[in-house]
Each structure stands twice: as structure tokens, then as C-alpha cells.
Amino acid sequence: MRAVYFDDGKAVLREIEEPPDEGVKVSVKSIGICGSDMHMLERKFPVDCIAGHEIAGLLEDGTPVAIEPVVPCGECEYCRIGKYNLCPQAMVLGIARNGGMAEAVTVPERCLVYLPSNIDVKDACLIEPLAVAMHGMRKAGISPNQRVAVIGGGTVGLCAVAIARASRVEVGLAAKYEHQVAAGQRLGAGEIDGQYDLVVECAGTDKAMNQALGLCRPAGKILILGTYWEGINFVQLLAMMKEISIINSYMYAESDGGRDFDLAAALLSRNPEIASALITHRFPLAEAEKAFSVAHDRKAGAIKVVLEPCE
């Protein structure tokens, strides 16, 4: 079968024998290119397996599924309380285990997320970034009486907008590009105005973090969903004087309300506008190199670029 690997800073399509992974085989119908994929390529991060973790496809009987791309041990203290994202033995598909940028992927049954009937499997790769934002917003304790600001108009930032609006709160979006602002408006975001109870930082830059400090009201919260690969510098004195709570969030997990992944799937089912607002480009697997080039050029209008390995 054909599969995409990261090789010396490039996304390379290879013809390979199907890997002998154990689990349930999924025919991949959509696989999103994540910002972390771009970062790993830029930094030539050593990934020796098939790339990709934003995955959806069909089981052998035709059942549509999304895939939660984390394989925890299931036995440690974190797994036992549903915080399997913190499992020391957890493997993430596309990083430590074969991912979904291929015609098929085989995963443990626990990774399967069965889709509501109205979700197109070609849109369902969005459930993974939605789950990332869902986990963070649940940790931050979003509530209907809050004002929420989102900094960063990439996929996760726009997912945070959609979740905030689903929680019936006022949300403002600060985005770099006009097409990101337009997508945010489609999802219900307004302009940034005043101070906010919760600021969601999704850009992963010092400038964005310091902007978040300025927008956050005293005793408010900043949720960091951006990734700071090289550390972070911000005005700690301002954070201290405002007594701002800074919340970190990693992947997705499970709590009393259920799996973040299931809640994300339910939200996409209720609001299909999320897919039409976020997915800007689709490419066949054979054009993977071009797809990564388009995903890298945010100025040209890309938000979520999706590969479609199987027709």
C-alpha cells in the first residue's frame, strides 16, 4: 500500500508492504495535516513510522469511524482514572506507532470512535483537533456567564470558537489572516473588545501569550492550547499582579462527562458548519507533497488541509 513518511524535513510517499500491526483494520478516508506535523517536519523530528494522527475511515463492514490516536497502557494510575493522555507508556499514532497517512491503518479497538449517522467520514478527521480543544475547554471550566477570547485562527483556535459558541458564551477572535477571521465569523466569533474571563491561546508565540495577558481580566484564566516548541517568554509580573490562572492542556482524555473524543464527535454532528468553515483543501494521497506545501502557506488561505487516501 501507499503511505506517507517524514524524511529529512519532507513528506515522502512510499509504496510499502502493509505493516503487521495488531488490531482492527480501517480503510482511511480522510487524514488531516496538523500543525504539529508541520513543526515536526521543520525541525526534522525523528519519526520512523507512517505519519498522521487526524484519522477517519471505514471498518471492513463499512462502518464509519474516527480514530483516537493514543494507545495507553490501560493499567497505570492515570489510565485507571481516565487520564490516559498522561500515561507514561502511551504511544501516539503518527509519532511512536504507524499513523493514518496511508491507504489503511490498523489500531486497537479502543481507538475507534463510532460516528453519528449525519457526519461525512471525509469530514470526520476534524474530530481529533476538536477533541484537543474540547479537553482544554473542559479543563478551563467554561460556563455560560463568561466572556471568552481566542487568540489564533488556525484549526484548534477555530475549534475553540465553535466549542465556546456551543456553550452559549460570547467569544472574540484575534486571528492573523482575513480568511481565518471569516471562518471565525461563520462559527459565531466577534471582534476582540475589552477584557475576558477566559483567554484561549492557540498561536504558540510569545506575542500571543503576552496579548492573552493583556486581554485577561484580573482573576481570570488563560488556557494554553498553542505549542511552544522552544520555550515561552511572557510578562510574569503582569500575570502575578492580575492573579491569572494559567492552564495547560494535552491531547484528550475521559472524565465524568465521557471521552473528549465522543463529545467532539457529537458537536460536529450538531454543527456541520464546522467542517465547511475549517476544511479549505482536499488532496488525494498521491499529492501528499503538494498538500503539505499548501498547508504550510497560511497566507494563501489554508486552514485545514485534508488527504483522502481511498475513494
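The values are calculated or read from the model by the stated rules, or taken from the named source; none is laboratory data. This is a predicted model, so every value here is computed, not measured. Here the Cβ positions follow ideal geometry from the backbone for every residue, glycine too, while neighbour counts run over all protein chains shown.
When the range 113-135 is examined, which residues are found to be buried (at least 19 other Cβ atoms within 10 Å of the Cβ) and not hydrophobic (A, V, I, L, M, F, W, C)? Asp123, Glu128, Pro129, His135, listed by residue number.
Kindly evaluate Val12 against the criterion of being within 20 Å of Pro284 (Cα to Cα), modelled with pLDDT under 95 and either β-branched (Val, Ile, Thr) or out of contact with any Leu (no Cβ under 7 Å at 6 or more places or on another chain) (or both). So Val12 fits the description; yes.
Filtering the range 66-85 to residues that are farther than 25 Å from Pro116 by Cβ, surrounded by fewer than 16 Cβ atoms within 10 Å (Cβ to Cβ) and not basic (Lys, Arg) leaves Cys73, Gly74, Glu75, Glu77, Ile81. Gln185 meets each of the listed conditions (1) farther than 23 Å from Asp123 by Cβ; (2) surrounded by fewer than 16 Cβ atoms within 10 Å (Cβ to Cβ) apart from (1). Within the range 192-216, the set of residues being touching a strand residue (DSSP E or B) at 6+ places or on another chain (Cβ under 7 Å), of a type in the set (D, E, K, R) and without any contact (Cβ under 8 Å) to a residue 40 or more places away in the chain comprises just one member, Asp193.
Only one of the numbered conditions (1) surrounded by fewer than 20 Cβ atoms within 10 Å (Cβ to Cβ); (2) in contact (Cβ under 8 Å) with a residue 12 or more places away in the chain is violated by Ala175, and that is (1). Taking the range 259-293 as the range and being more than 18 Å from the chain's Cα centre (by Cα) and free of Cβ contacts under 8 Å to residues at least 40 places away in the same chain as the test, the residues that pass are Phe283, Pro284, Glu287, Lys290, Ser293. Considering (1) without any contact (Cβ under 8 Å) to a residue 40 or more places away in the chain; (2) within 13 Å of the chain's Cα centre (by Cα), the lone condition that Ile55 does not fulfil carries the number (1). In the range 106-125, the residues that are in the same structural domain as Pro64 (by TED's automatic domain parsing) form Cβ pairs under 8 Å with partners that are buried (at least 17 other Cβ atoms within 10 Å of the Cβ) and among the aromatic types (Phe, Trp, Tyr), at six or more places apart or across chains, as follows: Val113/Phe261. Restricting attention to the range 294-310, the residues being touching a residue at least 12 places away in the same chain (Cβ under 8 Å), farther than 16 Å from Ile127 by Cα and among the charged types (D, E, K, R) number 2. Could you list, in sequence order, the residues of the range 155-192 that are assigned to a loop (DSSP other than H, G, I, E, B) and touching a Lys or Arg at 6+ places or on another chain (Cβ under 8 Å)? Residues satisfying the conditions are Val169, Lys176, Tyr177, Leu187, Gly188, Ala189.
Where strands (runs of 3 or more DSSP E) fall wholly inside the range 1-48, the ranges with 1 or more residues that are of a type in the set (Lys, Arg) and free of Cβ contacts under 8 Å to residues at least 40 places away in the same chain are 10-15.
Within this structure, Asn145 passes the test of being of a type outside the set (Asp, Glu), assigned to a loop (DSSP other than H, G, I, E, B) and surrounded by fewer than 20 Cβ atoms within 10 Å (Cβ to Cβ). Report, by residue number, each residue of the range 233-249 that is surrounded by 14 or more Cβ atoms within 10 Å (Cβ to Cβ), of a type outside the set (Val, Ile, Thr) and either at pLDDT below 95 or under 30 Å from Cys79 (Cβ atoms) (or both). Residues satisfying the conditions are Phe234, Ala239, Ser245, Ser249.
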